[in-house]
1. Do we have Leu46 as surrounded by fewer than 20 Cβ atoms within 10 Å (Cβ to Cβ) and not β-branched (Val, Ile, Thr) here?
2. For region 7-34, how many residues are more than 16 Å from Cys48 (Cα to Cα) and either of a type in the set (Lys, Arg) or without any contact (Cβ under 8 Å) to a residue 40 or more places away in the chain (or both)?
3. Under the condition of being more than 14 Å from the chain's Cα centre (by Cα) and not in a loop (DSSP other than H, G, I, E, B), which residue from region 1-19 is surrounded by the most Cβ atoms within 10 Å (Cβ to Cβ)?
4. Give me a count of the residues in region 29-42 that are closer than 21 Å to Leu92 by Cα and either among the charged types (D, E, K, R) or surrounded by fewer than 16 Cβ atoms within 10 Å (Cβ to Cβ) (or both).
5. What about Thr130, is it hydroxyl-bearing (Ser, Thr, Tyr), crowded, with 17+ Cβ neighbours inside 10 Å and under 30 Å from Leu158 (Cβ atoms)?
6. Run down Ile30, Ile86 and say which single residue is β-branched (Val, Ile, Thr), closer than 25 Å to Pro153 by Cβ and in contact with a Leu (Cβ under 7 Å, 6 or more places away or on another chain).
7. Is it the case that Val117 is aliphatic (A, V, I, L, M) and either more than 23 Å from Glu156 (Cα to Cα) or under 14 Å from the mean Cα position of the chain (by Cα) (or both)?
8. When the residues of region 133-162 are narrowed to those that are over 17 Å from the mean Cα position of the chain (by Cα) and surrounded by 13 or more Cβ atoms within 10 Å (Cβ to Cβ), which ends up farthest from Pro24 (Cα to Cα)?
Amino acid sequence: MAIVLLRVDERLIHGQVVVGWGGPLHADRIVVVDDAIAASPWEQELYCLGVPPEMEASFATVDDARAQVAEWRAGSRRVIALVRDIPTALRLAEGGILAGEEVNLGGIHHAAGRDRVLPWLHLNDGDRETLRRLAATGAVVSARDLPATRAVPLDELLGSGG
């Protein structure tokens with residue numbers, strides 16, 4: 001499998017992803033899946049400032065990324081795919097496209113109406129319902145801040161009610 005990380009992280013490309021995940025996972029490509037950034041060359045330039053020269057960065061709309069998932073899986077490149085939020089992850093996963101893939105919940109920060117679940121993960125009721133829908137597509141949802149830490153499975157994140 002060439003998708004080494006599929007992560008939900010509001011900050012997208014930043015040090016924790018590039019160094020903390022990219023290094024240990026030997027990633028050589030980062031794909032940001034975000035409709036707005038895919039249409040914004042100046043934002044793409046800003047995000048590329050945080051990418052080391054040995055890694056390629058690219059930007060895709062959700063629809064384009066859905067069409068590329070099979071290529072990422074089969075390819076020789078070690079891909080980190082990043083989305084900004086849980087609804088985008090669900091859009092990417094619709095129809096079972098991410099069945100069997102681990103979706104990592106990374107930095108989802110405090111905002112009005114969100115409760116702290118983990119130090120880096122804050123969710124509201126809508127987020128929880130969207131995560132249930134994401135898991136129902138066959139994606140394996142968990143939270144982990146770095147590769148060396150324990151993955152917290154979705155049922156544990158949501159409590160006994162799942």
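The values are calculated or read from the model by the stated rules, or taken from the named source; none is laboratory data. This one's a predicted model, so the numbers in the text were calculated from it and none came from an experiment. Counting neighbours? That spans all protein chains shown, and the Cβs are built from the backbone with ideal geometry, glycine included.
1. yes
2. Residues flagged as more than 16 Å from Cys48 (Cα to Cα) and either of a type in the set (Lys, Arg) or without any contact (Cβ under 8 Å) to a residue 40 or more places away in the chain (or both) within region 7-34 amount to 2.
3. Val19
4. Initial filter on region 29-42 (closer than 21 Å to Leu92 by Cα): 29-40.
Adding the requirement that they be either among the charged types (D, E, K, R) or surrounded by fewer than 16 Cβ atoms within 10 Å (Cβ to Cβ) (or both) leaves 29, 34-36, 39-40.
Residues that pass the stated criteria total 6.
5. Yes: the conditions hold for Thr130.
6. Values: Ile30 fails: closer than 25 Å to Pro153 by Cβ.
That would be Ile86, the only listed residue that is β-branched (Val, Ile, Thr), closer than 25 Å to Pro153 by Cβ and in contact with a Leu (Cβ under 7 Å, 6 or more places away or on another chain).
7. Against the criterion (aliphatic (A, V, I, L, M) and either more than 23 Å from Glu156 (Cα to Cα) or under 14 Å from the mean Cα position of the chain (by Cα) (or both)), Val117 does not qualify.
8. Leu158
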